[in-house]
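Report on one structure; see the data block that follows.
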Amino acid sequence: MEYVDNEGIAQKLELISVYYKIEKDKRREDAYSNASKSIKGAGDEITSGAEAKLLSGVGVGIAKDIDEL
């Protein structure tokens with residue numbers, strides 16, 4: 001599995017947010033955008049969805065997506 005740093009994770013989550021914006025799914029758009037911001041603001045590198053889930057704005061579903069990156 002390839003290593004993805006916080007900036008890379010945040011960028012991928014933001015792309016997913018844009019997808020949901022196009023699909024007019026405001027709830028998911030906001031969820032992915034908020035998770036992206038939380039990852040960007042994290043002081044330590046996030047290495048798993050479980051770590052990301054400890055941040056505000058990252059729930060179970062997004063944590064699973066992070067594990068797949």
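The values are calculated or read from the model by the stated rules, or taken from the named source; none is laboratory data. Since we're looking at a predicted model, the values are computed, not measured. Neighbour counts are summed over all protein chains in view; Cβ atoms, including those assigned to glycine, are modelled from backbone coordinates with ideal geometry. Heads up: the accessible areas ignore ligands, DNA and RNA and are worked out on the full protein's heavy atoms, side chains in. Shrake-Rupley method; radii C 1.70, N 1.55, O 1.52, S 1.80 Å.
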**Q.** Solvent-accessible ranking of D65, D5, D44, largest area first, probe 1.4 Å
**A.** D44, D5, D65
Q: Identify, among L69, L54, Y32, the residue whose Cα sits farthest towards the positive end of the charge dipole of the chain, taking +1 on the Cβ of Lys and Arg and -1 on the Cβ of Asp and Glu, with the dipole about the Cα centre.
A: Y32
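To the nearest 20 debye, what charge dipole does the chain have about its Cα centre, counting +1 at the Cβ of each Lys and Arg and -1 at the Cβ of each Asp and Glu?
Numbers: 10 positive and 14 negative charges, 91 e Å.
Charge dipole, the chain, about its Cα centre: 440 debye, nearest 20.
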**Q.** Kirkwood hydrodynamic radius of the chain, Cα pairs, Å
**A.** 11.6 Å
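Pull out the extension gain between E7 and K40, defined as 0.36 nm times the separation in residues minus the alpha carbon to alpha carbon distance; nm, one decimal. Before the final figure, lay out the partial values.
On the way: separation 33, 0.36 × 33 = 11.88 nm, distance 0.60 nm.
Length gained, E7 through K40: 11.3 nm.
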Q) What list of ³J(HN,Hα) values in whole Hz, one per residue of region 17-31 in order, does the Karplus curve 6.51 cos²θ - 1.76 cosθ + 1.60 (θ = phi - 60°) give from phi, with Gly and Pro shown as x? A) 4, 5, 4, 5, 5, 4, 7, 6, 10, 4, 4, 6, 4, 5, 4
Q: Work out how much length L69 to S48 would gain on full extension: take 0.36 nm times their residue separation and subtract the Cα-Cα distance, in nm to one decimal.
A: 6.6 nm
Q: Measure off 7 Å from each Cα along the Cα-to-Cβ vector at D30 and L15, then give the distance between these two points in nanometres to one decimal.
A: 2.6 nm
